[in-house]
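Engineer: Quick one: the structure is below, questions incoming.
The values are calculated or read from the model by the stated rules, or taken from the named source; none is laboratory data. Keep in mind it's a predicted model, so treat the numbers as computed, not measured. Neighbour counts are summed over all protein chains in view; Cβ atoms, including those assigned to glycine, are modelled from backbone coordinates with ideal geometry.
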Amino acid sequence: MIQAESIVRSTCPYCGVGCQVNLHIKDEHIYKVDAPFQVAPNYGRLCAKGRFGVDFVHHPGRLTMPLIRKDFGVTPRQPVGLEGFREATWEEALELAARRITEIHQQHGPAAFGTFASAKVTNEDNYVFQKFVRGVLGSNNVDHCARLCHAASVTALTIAIGSSAMSNSIAEMKDLDVFIVTGSNTTETHPVISTFLREAVVNNQAKLIVVDPRQIEMTEFAEVWLRQQPGTDVAIFQAMAQVIVAEELFNQEFIDARTEGFKDYAAAIMDCTPEWAAEISGVPAEDIRTAARLFANARTGAIYWGMGISQSVHGVENALSLANLALLCGHIGKPGTGLNPLRGQNNVQGCSDSGGLPHVFTAYQPVADDAIRAKFEQDWGTTLNPEPGLTVMEMVDAAASKIIRAYLIMGENPLMSEPDLRHSRHVMEQMEFVLVQDIFLNETSEYADILFPATSFAEKGGTFTNTDRRVQLIRPAVPAPGQAREDWAILCDLAKRVEILLGRPASIGFDYAHPSDIWQEMARLTPAFQGIDHARIQREDGVHWPCPTPDHPGSPYLFEDTFPSGRGVFTALDVRPGAELPDPEYPFILSTGRVLYHWHGGTMTRRSKLDDIYPDPTVEVHPLDADALGLADGQWALVRSRRGQIKVKTIVTERSPQGVVFIPFHFAEAAANELTLDARDPKAKIPDYKMCAVALEPV
Amino acid sequence: MTLTLTIDGREIHAPAGSSLMQAAQLADVDTPVICYHEATTPNGLCRQCVVEVDGWRVLAPACVTPAAEGMEVHTASERVTRARRTLLEMLNASIDLSQAPEIQQQMDDYQADRERFPGAERRAPAMLDDNPFYVRDYDKCLMCWRCVQACADDLQFTYALSTGGRGYNSHVTTFFDAPMPETTCVFCGNCVAVCPTNALISKTEIYLQQGLDYDSIRREKRNQRRAQDKKGGAQ
Amino acid sequence: MAERATPPASMQDYLAAHAHRGQTMLLPALLEAQKRYNHISKEIAAEIGRALNVPLAEVTGVIEFYSMLHDRPTGETHIRICESPVCNLFGAKTVSKTLCRELDTAICEPTIDSKYYVESVECLGLCERAPVMLVDDRPIGQTTPDVVAELVRRPPDPPSGLIRTGTRLLTARLGKISPTSLPDYEETDGLRGLEAALALSPMEVIEQVKAAGLMGRGGAAFPTGIKWEGAAQAEGQPKYLVCNADESEPGTFKDRTLLEEDPFSILEGMLIAAYAIGATQGFLYVRGEYPRAQGILQRAIEVFRSAGLLGANIRGRGFDFDIELRSGAGAYICGEETALFESIEGKRGYPRIKPPFPTQHGLFGKPTVINNVETFANVPLLFRMGVEEYRKLGSEKSSGPRLFCLSGDTFMPGLFEITTPITLRDLIFKEAGGIRNGRKLGAVLLGGAAGKFVPPDQLDVRLTFEDTRAAGLSLGSGVVMVFDETRDLRQVLLDLGHFFAHESCGKCYPCQLGTQRQLEILERLAHGQLLPGDKERLTDVGWTMTDASLCGLGQTAATAVLSVMEHWPHLFEPGQ
């Protein structure tokens, strides 16, 4: 038998569930991963990625040395492989990076920087990142991929109740009564959460309402499945609300005590009958009524959603339509209820919490708020920019128009994750300076001028915050490869050099001995974190913020007494068509998303054993469509949109409805975002990854 | 509410609803278990936890027997010891327990004769290697059902596994013995995590046991990928 | 994942009618598929699993659990040759060998033309006519090697339980009436018990059953009235009533005889019980090896239904009850009450851990009364006679008539009804005429495979619960299997060892492992190859099974072996 030399508790680096893992180490390798059965949020459960997919840590492609582009300074830049870089010392690479940043800052000012924080690195890394960008560069242009996933949910929930995080915890799931899952292929995107949801149905007689165009696995556990036409979500949920109002199934007491605008809202939606919604969505009116009654009559009702709701040109409206339902029935503010956007990345919650957004500091303290800004200015010893910065997609626009000239990218891969990649690449080619810190050379870092080798989750300490706001630790388990360093340490080193080159009289503070020092500083500036420190997490395995004091138990669920905005707000919604509808030339609707065995841009999973079980890019095609196209199962197909084309392998299945095809976005050789549309929700600026028009043909 | 019972002569006050095993813990008596696992529903399969209760015709499995007021329980009587020892001996004659350190310890504790049953037919099924993540070496399987339960209503709700056969030929099976990738398996490995004997073991671990280094293990994966591509099988 | 081929349309009709009931229809659907196609293909299994919403892996698990279900093709004609101890005494093994030779096949191999499939099976419950076989649905007794090939094509034996008895109460109608004729039944006091019971309140019915001292006849001898009372008072609706007709104990054929020749009396007993406990749905679970009994019972149920004796508002008494016939599929363990529930629920027939007991948490998790066939047969009799008269039968603690199944080297194999307690010696030598062929008695196996061997000098025990219990014996299911002095008990033990190893469900380790280890040693014993220490091994294995097994099967799997060891210790010395 293999005896572990050490077993290190950590947090899974993949999705937002934040599973606690034990890394079994021998000869400086993780040879086995398991999970403690007593510990939230996963109670011993893992999925294929967490248990078998962290071998990317030991992949020979890991970056081990600072790299400098051989044709440094040449524009337009082209993507290059490792052969296009030369190895450098940290001293040389950092100094060169600091000089270029300083030059651009001096020539073009703070607005010339577009920076990408990361949902994959720690809260501490992100805090230092935004401190550098805001405090040293004087820019608020810091954003991250949350913009591309849940920005619509954030915007909608801010309108409805004034807070955007998942309201209730994973631990409550197995005791649910009635719950809605919509726009979330939970078994593949949040596998471990899906087990608790299924447990509620199978073992505890909970009733599940699935609203999804695809026949996802959760439908097998559903009491009611509403299979709507893509892009018609608002109609369904507004009609459910209409039933609840018309049949007086709403929670009058809750509405009176906790909300405003009910009368106007009720009047505005009276014509949105199930029959009206049936016409738009193709879902039988009676099924909508059944779902509405089930949800309204529930002892507790919860709503879970994912990208299917938010990644849409009307993502904010989609999420608002869900918020309306919860407010109508009073299904929020109690255990087993709530508005629960399931967060994607392991630390997408934490990156936002740590200030990785253009308009807020840590825990959503607005940069435009003078008092808040003064607090940070005093602590850091500098003056800060009161103007909210640009979002991810706005930064692309600003770069296209030469306002932004340098990209600083930490652990993100925008050239896989952004829509309409051809455009994004074109912008990248024109940048004056691109600095990337990452663990692999990927589609984005191929454009870097300077590439810093960073440590993976297994080689550093710090905290991740999972989808239910639980702050959890990662710990160093294996040595960093070569000269790779922690992101925060790289940033501190870089920041201090830039400060000196800019001639700042004093540093705003980049001398941390350990990530826990960074957390202490962040907690000091953030009331919601003040009760949490690394030592406490070490003792308790994790703490749900908000947690204002050391003796506060943390907050598994929110809004028991009030909403951050005071009263919940109802919003009557219009139904608008999608940005690009199918036509004779591009007759299919394309939806994109994830599969169980891969992760986002594939940077990690494609370098893992996971790639063996799912090696090729695919497209799901309905059997009737496949017949008409002459496509057989397993056959390669060319998929074209007005923006690009990719070659993928056909899966003939009834999972996607007729007229709709589904393509996972993990495969660089066939990136789904070559096809997608750069159309955005007007409020949240989130692109629509779930609906554009494509054509298919056999290759 | 608490119950008062006697375990090995010691009076114990256990909360109502305790199992005899939980009550024994209160008396600082460790109960040996094989099939029991904190994350799976106890089924009283292995009977290694049996204890003797005064007035009872047969021994009681401590994991699933509710403690009751006034019970007189003996955890080390002759009948208990014989059953535990014989069970270990019979088990050791059936399967490969070399990677079950806890059971090895129990064999030492009960002075089990590892060669007690000469000529006994071992189950000895072939190792199943049909996916990139783990192998199923059922020569080590002692039918604790944990993997089946983990796959079903105790952890994963995926239902790829079932017990099959009957009696001594009981085994864990898939639908018509389908290879794992053709089943509903999602390779969560929750089954691997609860396996007490390494009958389910990750490939990395078994290759390390076989003496491969990490680089070879990684290349092994690539080889498989190529083999798969040649077959042209879509996943 | 590859798309599966479209399954043949032919199960669709069945599933369309039954799929809405879900997993409980799994075993019926699989039996139907087995019947239609002589096996259950992967495609059919998948079709059934999807329709009934049963995980496909579990479908395989269920197929593999029941020996009458096959996932590979068998033959158009399925021949089951009984190789239980009694049939083996009369040459069953030679019969099966001869048949295989004549059909040019082997056991469990279909013939090349797929016409025949020969299987050796455990007791078929036709022991009074040993050696026996079942050709598809046709029971055929007294097979011999020279005529076996011809017998396969022969019409079935006429029904006959070979009833050998003086006073006939339980067996009064057997062979005397047309079994499914309601007029015949009513002319022979049928339904009088029901009328008497319906004149009482449900609680009064239960009180009467308690007062009559009726003990369960399935083997465990639990007081029936207490059981009914438990279910009647239990929380939870609906309540279920189950008749355990999974008679599979080697040497037992009493239930089959009652079911085949007096089915209405069982239904009448169930009706009274249902009325007493407030059950609305009954299940009659008959072992798969009793196709003829199933056919007769199905007709009997239909006759009762058309006469308004099943269905809504029975006899205008405002109580509703119906009975569904269910077939077992070849698993002795399903005679264990909780395993039987699992089987009806569409699962592998694993016995459950008790508590909770069936009266609280039985079929589908609801309060359930489950009684044996003979127990139900006693119920109408009890109410017809009245408690006082009924109590005069049998003994103080063992009231009522009692059926015994004599088989083996007895002069008169068959069913005996005993109304006045007699000793085992008298039963064998006075009632049944002693031993065949003028030989001397060697041993008696009392109570079935789960019972004990009794040596000739210990036969003076009265056949009541209290007397046998005092003597350390058990009446079990009333089996009296007789062996003459020439029989080698080691061979009989080997047959029993095979039986338990084959029928162990595999759930708990003592039985799963112990029946196999026991069999291995019994093989050495029968072949004169005992190793040093084998006796101790057998003892340890035996007591481990007895003490530590989960259910009655494992707890009694070594009883016979240990009894031989006690009375004939010399057989276990190496070199014997």
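Engineer: Quick check on the range A:4-21. Is at least one of its residues hydroxyl-bearing (Ser, Thr, Tyr) and within 13 Å of another protein chain (Cβ to nearest Cβ)?
Structural biologist: Scanning the range A:4-21 turns up at least one residue that is hydroxyl-bearing (Ser, Thr, Tyr) and within 13 Å of another protein chain (Cβ to nearest Cβ).
Engineer: Next up: Residues in the range A:506-519: is at least one without any contact (Cβ under 8 Å) to a residue 40 or more places away in the chain and either under 30 Å from A:Gly261 (Cα atoms) or assigned to a helix (DSSP H, G or I) (or both)?
Structural biologist: yes
Engineer: Residues to consider are A:Leu631, A:Leu638; find the one that is outside the structural domain of A:Val316 (by TED's automatic domain parsing) and in a loop (DSSP other than H, G, I, E, B).
Structural biologist: On the way: A:Leu638 fails: in a loop (DSSP other than H, G, I, E, B).
Every option except A:Leu631 fails the conditions.
Engineer: Can you say whether C:Leu415 is touching a Pro at 6+ places or on another chain (Cβ under 6 Å) and either outside the structural domain of C:Glu337 (by TED's automatic domain parsing) or touching a residue at least 24 places away in the same chain (Cβ under 8 Å) (or both), as far as the supplied structure shows? Step through it out loud before you land on a result.
Structural biologist: Working: touching a Pro at 6+ places or on another chain (Cβ under 6 Å): no; either outside the structural domain of C:Glu337 (by TED's automatic domain parsing) or touching a residue at least 24 places away in the same chain (Cβ under 8 Å) (or both): yes.
So C:Leu415 does not fit the description; no.
Yes/no matrix, rows are residues, columns are (1) touching a residue at least 24 places away in the same chain (Cβ under 8 Å); (2) under 30 Å from C:Val132 (Cβ atoms); (3) hydrophobic (A, V, I, L, M, F, W, C):
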position	(1), (2), (3)
C:Ser10	yes, no, no
C:Ala16	no, no, yes
C:Ala45	yes, no, yes
C:Ile48	yes, no, yes
C:Asn53	yes, no, no
C:Ala57	no, no, yes
C:Ser84	yes, yes, no
C:Gly91	yes, yes, no
C:Val95	yes, yes, yes
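Engineer: Now, a different point. Name the residues in the range B:1-47 that are at positive phi and surrounded by 16 or more Cβ atoms within 10 Å (Cβ to Cβ), would you?
Structural biologist: Scanning the range B:1-47 gives B:Asp8, B:Gly44, B:Arg47.
Quick grid of which residues meet (1) at the interface with chain C (Cβ under 10 Å from one of its Cβ atoms); (2) under 17 Å from C:Gly542 (Cβ atoms):
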{"position": "B:Thr81", "(1), (2)": "no, yes"}
{"position": "B:Arg85", "(1), (2)": "yes, yes"}
{"position": "B:Ser94", "(1), (2)": "yes, no"}
{"position": "B:Gln99", "(1), (2)": "no, no"}
{"position": "B:Gln106", "(1), (2)": "no, no"}
{"position": "B:Pro118", "(1), (2)": "yes, no"}
{"position": "B:Arg122", "(1), (2)": "no, no"}
{"position": "B:Pro125", "(1), (2)": "no, no"}
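Engineer: Are any of the residues in the range A:34-45 touching a residue at least 60 places away in the same chain (Cβ under 8 Å) and facing chain B (nearest Cβ under 9 Å)?
Structural biologist: Within the range A:34-45, one or more residues are touching a residue at least 60 places away in the same chain (Cβ under 8 Å) and facing chain B (nearest Cβ under 9 Å).
Engineer: If we scan the range A:614-637, do we find a residue that is of a type in the set (Ser, Thr, Tyr), in contact with a strand residue (DSSP E or B) (Cβ under 9 Å, 6 or more places away or on another chain), surrounded by 16 or more Cβ atoms within 10 Å (Cβ to Cβ) and away from chain B (no Cβ under 14 Å)?
Structural biologist: no
Engineer: Tell me the helices (runs of 4 or more DSSP H) entirely within the range B:18-119 that contain at least 3 residues that are touching a residue at least 60 places away in the same chain (Cβ under 8 Å) and within 22 Å of the chain's Cα centre (by Cα).
Structural biologist: Result: B:101-109.
Engineer: Here is a further query. C:Lys430 - would you say it is surrounded by fewer than 23 Cβ atoms within 10 Å (Cβ to Cβ) and not in a loop (DSSP other than H, G, I, E, B)?
Structural biologist: yes
Engineer: Another question, then. Does the range B:177-215 hold any residues that are farther than 22 Å from A:Leu46 by Cα, more than 9 Å from chain A (Cβ to nearest Cβ) and either at pLDDT below 90 or in a loop (DSSP other than H, G, I, E, B) (or both), and which are they?
Structural biologist: B:Ala178, B:Gln210, B:Gly211, B:Leu212
Engineer: Moving on to the next point. Failed condition for C:Arg469, given (1) assigned to a helix (DSSP H, G or I); (2) more than 14 Å from chain B (Cβ to nearest Cβ); (3) surrounded by fewer than 24 Cβ atoms within 10 Å (Cβ to Cβ); (4) not small (Gly, Ala, Ser), with all others met?
Structural biologist: (2)
Engineer: Regarding the range C:6-14, can at least one residue be identified that is closer than 18 Å to C:Gly349 by Cβ and either assigned to a helix (DSSP H, G or I) or at pLDDT 95 or above (or both)?
Structural biologist: Taking the range C:6-14 as the starting set, the residues that turn out to be closer than 18 Å to C:Gly349 by Cβ are none.
No, the range C:6-14 contains no residue that is closer than 18 Å to C:Gly349 by Cβ and either assigned to a helix (DSSP H, G or I) or at pLDDT 95 or above (or both).
Engineer: So is B:Thr81 surrounded by fewer than 20 Cβ atoms within 10 Å (Cβ to Cβ) and touching a Phe, Trp or Tyr at 6+ places or on another chain (Cβ under 7 Å) or not?
Structural biologist: So B:Thr81 fits the description; yes.
Engineer: Being without any contact (Cβ under 8 Å) to a residue 24 or more places away in the chain and either in contact with a Cys (Cβ under 8 Å, 6 or more places away or on another chain) or more than 20 Å from A:Arg470 (Cα to Cα) (or both) narrows it down to one of A:Ile25, A:Ile2, A:Ile7, so name that one.
Structural biologist: On the way: A:Ile25 fails: without any contact (Cβ under 8 Å) to a residue 24 or more places away in the chain; A:Ile2 fails: without any contact (Cβ under 8 Å) to a residue 24 or more places away in the chain.
Going through A:Ile25, A:Ile2, A:Ile7 in turn, the sole match is A:Ile7.
Engineer: Condition test on A:Ser164, is it assigned to a loop (DSSP other than H, G, I, E, B), away from chain B (no Cβ under 14 Å) and either modelled with pLDDT of 95 or more or within 20 Å of A:Leu502 (Cα to Cα) (or both)?
Structural biologist: In short, no.
Engineer: Let me ask something additional. Taking the range A:55-89 as the region of interest, how many residues are basic (Lys, Arg), more than 14 Å from every other protein chain (Cβ to nearest Cβ) and either in contact (Cβ under 8 Å) with a residue 24 or more places away in the chain or assigned to a loop (DSSP other than H, G, I, E, B) (or both)?
Structural biologist: Restricting attention to the range A:55-89, the residues satisfying the condition of being basic (Lys, Arg) are A:62, A:69-70, A:77, A:86.
Then drop every residue that is not more than 14 Å from every other protein chain (Cβ to nearest Cβ), which leaves A:69-70, A:77, A:86.
Now restrict to residues that are either in contact (Cβ under 8 Å) with a residue 24 or more places away in the chain or assigned to a loop (DSSP other than H, G, I, E, B) (or both): A:69-70, A:77.
Adding up the residues that qualify gives 3.
Engineer: May I pose another question? Taking into account only those residues within the range A:376-429 that are part of a helix (DSSP H, G or I) and of a type in the set (Phe, Trp, Tyr), which is surrounded by the fewest Cβ atoms within 10 Å (Cβ to Cβ)?
Structural biologist: Step by step, filter the range A:376-429, then rank; the result is A:Trp380.
Engineer: Spot the failing condition for B:Ala124; the list is (1) on the phi > 0 side of the Ramachandran plot; (2) assigned to a helix (DSSP H, G or I), and only one is missed.
Structural biologist: For B:Ala124, the failing item is (2).
Engineer: Enumerate the helices (runs of 4 or more DSSP H) found wholly within the range C:497-576, keeping only those where 3 or more residues are more than 11 Å from chain B (Cβ to nearest Cβ) and hydrophobic (A, V, I, L, M, F, W, C).
Structural biologist: Once the helices (runs of 4 or more DSSP H) in the range C:497-576 are filtered for at least 3 residues that are more than 11 Å from chain B (Cβ to nearest Cβ) and hydrophobic (A, V, I, L, M, F, W, C), what remains is C:509-526, C:559-567.
Engineer: A further question on this structure: Against the condition over 25 Å from B:Ser98 (Cα atoms), of a type in the set (Phe, Trp, Tyr) and either in contact with a Cys (Cβ under 7 Å, 6 or more places away or on another chain) or at the interface with another protein chain (Cβ under 9 Å from one of its Cβ atoms) (or both), how does B:Phe157 come out, does it pass? Outline the logic, then answer.
Structural biologist: Details: over 25 Å from B:Ser98 (Cα atoms): yes; of a type in the set (Phe, Trp, Tyr): yes; either in contact with a Cys (Cβ under 7 Å, 6 or more places away or on another chain) or at the interface with another protein chain (Cβ under 9 Å from one of its Cβ atoms) (or both): yes.
In short, yes.
This table checks each residue for (1) under 30 Å from A:Leu435 (Cβ atoms); (2) in contact with a Ser or Thr (Cβ under 6 Å, 6 or more places away or on another chain).
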{"position": "A:Glu486", "(1), (2)": "yes, yes"}
{"position": "A:Leu491", "(1), (2)": "yes, no"}
{"position": "A:Ala495", "(1), (2)": "yes, no"}
{"position": "A:Gly503", "(1), (2)": "yes, no"}
{"position": "A:Gly509", "(1), (2)": "yes, no"}
{"position": "A:Ile537", "(1), (2)": "no, no"}
{"position": "A:Val543", "(1), (2)": "no, no"}
{"position": "A:Pro546", "(1), (2)": "no, yes"}
{"position": "A:Pro553", "(1), (2)": "no, no"}
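Engineer: Kindly provide the set of residues from the range A:673-696 that are in contact with a helix residue (DSSP H, G or I) (Cβ under 7 Å, 6 or more places away or on another chain), at pLDDT 90 or above and not in a loop (DSSP other than H, G, I, E, B), ordered by number.
Structural biologist: A:Asn673, A:Glu674, A:Leu696
Engineer: Quick one: B:Gln149 ticks every box in (1) farther than 30 Å from A:Glu5 by Cα; (2) in contact with a strand residue (DSSP E or B) (Cβ under 9 Å, 6 or more places away or on another chain); (3) more than 8 Å from every other protein chain (Cβ to nearest Cβ) except a single one, so which number is it?
Structural biologist: Evaluating B:Gln149 over (1) farther than 30 Å from A:Glu5 by Cα; (2) in contact with a strand residue (DSSP E or B) (Cβ under 9 Å, 6 or more places away or on another chain); (3) more than 8 Å from every other protein chain (Cβ to nearest Cβ) leaves (2) as the failure.
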